[in-house]
Structures are given as C-alpha cells and as structure tokens.
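Enquirer: Pasting a structure here, questions to come.
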Amino acid sequence: MNDQLKQAVIDGDQGVAVALTSALLAGGASAREILDGALLPGMEVVGVRMREGECFIPEVLLSARVMQACLDLLRPHMAAGEEAGMGTVVIGTVEGDLHDIGKNLVAMLLSGAGFSVVNLGTGVTAADFVAAVREHAPVIVGMSALLTTTLPHMGETLALLKAEGLRASVKVMVGGAPVTAAFAAEIGADGYGANAGMAVERAKELVG
C-alpha cells in the first residue's frame, strides 16, 4: 500500500492518498512509517522531476497539497517533534516585497522533505527574522525576494543576525528571481536555490 500512496502523492491524487493514509493508520502502521515509507519518497520524486524540468509548478503544488492533507491526518498520531525530523526552517519574503508564490512552494516542499516550517509571510523585516530565530531556534532561515529593490534587506537581515549573536547558530538561504549565487556569496549566505527543487536539496545538504 505504501507504493500506491507514494504514487498518489506523485500523481497529485488527494482522494486516493487520503484514503490510503487512513487505511494504513487503521491497519496499524505508525505515522512515521507512512511518512518515511510513502509520503517523503513521493515528494522526493516530485522534487527530482521538477529540477529536471519533467514537471512544473502547478503539478508540484498539487503534490504538495496532497502531502499536506496526508500530514494533517498523521499529525495527531505523531510523537512531539517527530514530524520535524530535519529541524525547523523559518522562511519569509523580505521587507517591501509581497511576492509569495515561490516562497510558499519552497515552504511546502520543505515540509514534504521532513522539515518543520515556520512561514512568516511577506514583508518580513530584519527584526522580524531575528525575533523568529530567537523564538523557534531554526536550523535554517530562508529569505525570498522578487524585486531587485528589496535585495538589500537580505544583507541587512544577515548583518542583524550577526550583531545579535545569532548568525553562528543558523544557516541562511536566499532565493527569488533576481537572486544569484554570486549575490548570495557576496552577502555571506550559506545557500542559494535557483528554483524550489534546488532550494530543498540545498537545505538538506546544509543540515546533513
């Protein structure tokens, strides 16, 4: 049944996926077994296909929503902290920028990869990011920007994390249309993803 559930996630078939998840739980499978045996491997395939240009954002979003629906079923059966096996990621679109489709896609894929995701939304100031790091103790902070004019806020956030003595405790990733690997290196970020699939792979590498 795990293989069928994995395929339902890949196909973006929520009805089948939810029914299979319920059946597996009823049959005595643990939430962790379902997550590791079907849901995460399914999203892994979707991520690879996206990176290789074999599927596109609408299909990825569909699979991510299916994953989310199954996670909602599993959550009451999970031990505290079990869902977030990879650690916590704080993610947001920087101050002055209201674009969030790409950022939300990354957040969903990170959740599908086993991270616990705190999505701060859009227009997030450097101080907001710092407060979230203090509150949630994440392993990664992810910043997104679509407007060239808002890119400086990424550097400001890194500088404030450093000034507050928090920079050493967290990895920082940046992304968005105007962001490049060179820019990420220039401001001292730890990682950069050219698209959502690559961002998730980089996040896994950073905590691996």
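The values are calculated or read from the model by the stated rules, or taken from the named source; none is laboratory data. Worth saying up front: this structure is predicted, and the values here are computed from it rather than measured. Heads up, the Cβs are rebuilt from the backbone with ideal geometry, glycines too, and the neighbour counts pull from every protein chain shown. Surface areas here come from the heavy atoms of the whole protein model, side chains and all, with no ligands, DNA or RNA. Shrake-Rupley method; radii C 1.70, N 1.55, O 1.52, S 1.80 Å.
Enquirer: Give all pairs with beta carbons closer than 6 Å in which a residue from the stretch 10-31 that is free of Cβ contacts under 8 Å to residues at least 60 places away in the same chain and of a type in the set (Phe, Trp, Tyr) meets a residue that is crowded, with 19+ Cβ neighbours inside 10 Å and in a helix (DSSP H, G or I); count only pairs at least 6 apart in sequence or on separate chains.
Expert: none
Enquirer: Residues in the stretch 84-98 that are touching a strand residue (DSSP E or B) at 6+ places or on another chain (Cβ under 6 Å), open to solvent by 20 Å² or more (accessible area, probe 1.4 Å) and either of a type in the set (A, V, I, L, M) or over 17 Å from Ala168 (Cα atoms) (or both): how many?
Expert: Looking only at that region, the number is 1.
Enquirer: Quick check on Val89: is it assigned to a helix (DSSP H, G or I) and either at pLDDT 90 or above or within 23 Å of Ala177 (Cα to Cα) (or both)?
Expert: Judged against the criteria, Val89 is not a match.
Enquirer: Answer yes or no: is there a residue in the stretch 71-79 that is of a type in the set (D, E, K, R), in contact with a Ser or Thr (Cβ under 7 Å, 6 or more places away or on another chain) and modelled with pLDDT under 95.
Expert: Within the stretch 71-79 (the criterion being of a type in the set (D, E, K, R), in contact with a Ser or Thr (Cβ under 7 Å, 6 or more places away or on another chain) and modelled with pLDDT under 95), the answer is no, since none of the residues qualifies.
Enquirer: Please specify each residue of the stretch 1-25 satisfying the condition of being farther than 27 Å from Phe56 by Cβ and either aliphatic (A, V, I, L, M) or within 20 Å of the chain's Cα centre (by Cα) (or both).
Expert: Across the stretch 1-25, the qualifying residues are Met1, Ala23, Leu24, Leu25.
Enquirer: Going through Leu62, Leu40 one at a time, which residue ends up being of a type outside the set (Ser, Thr, Tyr), part of a helix (DSSP H, G or I) and in contact (Cβ under 8 Å) with a residue 60 or more places away in the chain?
Expert: Selected residue: Leu40, the only one of Leu62, Leu40 that is of a type outside the set (Ser, Thr, Tyr), part of a helix (DSSP H, G or I) and in contact (Cβ under 8 Å) with a residue 60 or more places away in the chain.
Enquirer: Restricting attention to the stretch 179-196, and to residues there that are of a type in the set (Gly, Ala, Ser) and closer than 20 Å to Val90 by Cβ, which single residue is modelled with the lowest pLDDT?
Expert: Here the answer is Ala196.
Enquirer: With (1) within 18 Å of the chain's Cα centre (by Cα); (2) free of Cβ contacts under 8 Å to residues at least 40 places away in the same chain; (3) open to solvent by 60 Å² or more (accessible area, probe 1.4 Å) as the list, and Ile57 as the residue in question, which single condition is left unmet?
Expert: Result: Ile57 passes all but (2).
Enquirer: Continuing with the same structure: Among the residues of the stretch 99-108, which ones are of a type in the set (A, V, I, L, M, F, W, C), open to solvent by 10 Å² or more (accessible area, probe 1.4 Å) and touching a residue at least 60 places away in the same chain (Cβ under 8 Å)?
Expert: The one that is of a type in the set (A, V, I, L, M, F, W, C), open to solvent by 10 Å² or more (accessible area, probe 1.4 Å) and touching a residue at least 60 places away in the same chain (Cβ under 8 Å): Val106.
Enquirer: Report yes if Val89 is among the β-branched types (Val, Ile, Thr) and either free of Cβ contacts under 8 Å to residues at least 24 places away in the same chain or closer than 27 Å to Asp190 by Cβ (or both), otherwise no.
Expert: yes
Enquirer: Now for a separate question. Could you check the stretch 31-52 and list, in sequence order, the residues that are surrounded by fewer than 17 Cβ atoms within 10 Å (Cβ to Cβ) and over 19 Å from the mean Cα position of the chain (by Cα)?
Expert: Glu33
Enquirer: Condition test on Gly28, is it open to solvent by 30 Å² or more (accessible area, probe 1.4 Å), over 17 Å from the mean Cα position of the chain (by Cα) and not polar (S, T, N, Q)?
Expert: Here the answer is yes, as Gly28 does meet what is asked.
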